[in-house]
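Data first, discussion second: the structure below is written as structure tokens.
What follows draws every value from the coordinates through simple rules; no lab data is involved. For clarity, every value in this text was computed on a predicted model and none was experimentally measured. All Cβ positions, glycine included, derive from the backbone under ideal geometry; neighbour counts span all protein chains shown.
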Amino acid sequence: MSDFDALVHHNRGRLYRLSRAYSDSPDAAADLHQEMLLQLWRAWPGFAGRAQASTWLYRVALNTAISQWRYRPVSTADYQDHEQASAEPGPDVASEQQQLLEAVNRALKTFNEVDRALVLLYLEQYSYAEMADVIGLTTNAVGVKLNRLKQRLSQMLEEGGQ
């Protein structure tokens with residue numbers, strides 16, 4: 001397995017979550033995931049090792065997601081309804097954790113691109129310094145912004161009955 005393949009394999013969950021957070025439908029998420037992989041492959045020869053490989057990967061994938069999000073066509077599919085339908089109790093009752101993750105994902109869809117990226121980086125357990133590097137803010141600004149976003153997210157979840 002090449003270094004590139006190993007990096008992508010190790011970060012596949014992050015790429016999936018990022019593509020889902022910046023997509024309006026499951027098909028759009030799959031398309032975005034493929035676009036991220038293509039952009040990562042194209043950028044790989046330019047990776048100079050000035051940042052950790054995982055930070056570099058996230059930055060490229062995030063930039064791809066934001067670019068796609070800004071120029072996306074209006075989707076006829078209603079991703080939120082699809083997510084809610086999949087969370088309805090059936091033979092396998094959805095766990096509280098799964099329901100919470102879906103509620104967080106719905107709430108994140110209301111955030112702007114930078115705020116959504118910060119929350120996703122936080123959930124991926126990146127350090128404040130790594131978040132600052134990816135987003136282009138100071139470490140202090142990341143901390144302040146992230147605290148406000150956590151309060152906002154918590155309030156949204158409480159209002160949503162979570």
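Okay, here's what the table says:
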{"read-out": "Approximate shape of the range 1-77 as ellipsoid semi-axes (Cα gyration tensor, √5λ), whole Å, largest first", "value": "24, 12, 10"}
{"read-out": "3J(HN,Hα) from dihedral phi, the range 143-158, Karplus parametrisation 6.51/-1.76/1.60, rounded to Hz, x for glycine, proline", "value": "x, 5, 5, 5, 4, 5, 5, 5, 5, 5, 5, 4, 5, 5, 5, 5"}
{"read-out": "Chain lengthening between His9 and Gln98 when straightened (0.36 nm per residue, less Cα-Cα)", "value": "29.7 nm"}
{"read-out": "Using θ = phi - 60° and Karplus 6.51 cos²θ - 1.76 cosθ + 1.60, couplings along the range 114-120 (whole Hz; Gly, Pro as x)", "value": "5, 4, 4, 4, 4, 5, 5"}
{"read-out": "Computed label-point distance, nm, for sites Leu157 and Ala30 using a 7 Å Cα→Cβ extension", "value": "3.0 nm"}
{"read-out": "In sequence order, calculated HN-Hα J values of the range 4-15 (Karplus, 6.51, -1.76, 1.60; Hz; x Gly/Pro)", "value": "4, 4, 5, 4, 5, 4, 5, 10, 4, x, 4, 5"}
